[in-house]
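The values are calculated or read from the model by the stated rules, or taken from the named source; none is laboratory data. Predicted model only: the values in this text are computed from it and were never measured. Virtual Cβ from ideal backbone geometry, glycine too; neighbours counted across all protein chains shown.
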Amino acid sequence: MFKRVLEGIRDRVEGALAILRREGVPLEAMGAEFGSFVKSVRVSDTEFQTGDVQQLSLVTDRYVMFLSAITEEYFVLLVMRPDGNYGRARFELARAKHLLRDELI
């Protein structure tokens, strides 16, 4: 089910480049960097009381990336072209959270 849900996101989001590994898109490195940032936010949460990270986005010249929480420990990374459909991407990631949460707990 996990792979089917992720492939569905990729297919329904205009401009999606990767939700799973894809040649030319260094997902592992991007995911690691996002993970470090999420950890930093969690550490600072005690001081700033920001709450849990639900979604994080990064926009560069080449990519738009959304890191979306499925559970407290699991995230989905969607990489897309800058001209992609951001609203649809966020909707599909929120939908995936509900579809995948029980499978990952």
Cβ-Cβ under 8 Å, sequence separation 6+ or interchain: first residue in the stretch 85-100 and within 16 Å of Y74 (Cβ to Cβ) and touching a residue at least 60 places away in the same chain (Cβ under 8 Å), partner assigned to a helix (DSSP H, G or I) and among the aromatic types (F, W, Y). Which pairs? L100/F2
Return yes when L104 is surrounded by 15 or more Cβ atoms within 10 Å (Cβ to Cβ), out of contact with any Cys (no Cβ under 8 Å at 6 or more places or on another chain) and not charged (D, E, K, R) and no when it is not. no
Residue among R81, R90 that is loosely packed, with under 15 Cβ neighbours inside 10 Å and of a type in the set (D, E, K, R): R81
Per the filter on the stretch 58-73, residues of a type in the set (S, T, Y) and surrounded by 14 or more Cβ atoms within 10 Å (Cβ to Cβ) are Y63, S68
Read through the list (1) of a type in the set (A, V, I, L, M, F, W, C); (2) modelled with pLDDT under 85; (3) surrounded by fewer than 15 Cβ atoms within 10 Å (Cβ to Cβ), then give the number of the only condition that V53 fails. (3)
For the stretch 58-97, name all the residues that are polar (S, T, N, Q) and at pLDDT 90 or above. T60, N85
Look at the stretch 33-88 and say how many of its residues are hydroxyl-bearing (S, T, Y) and on the phi > 0 side of the Ramachandran plot. 0
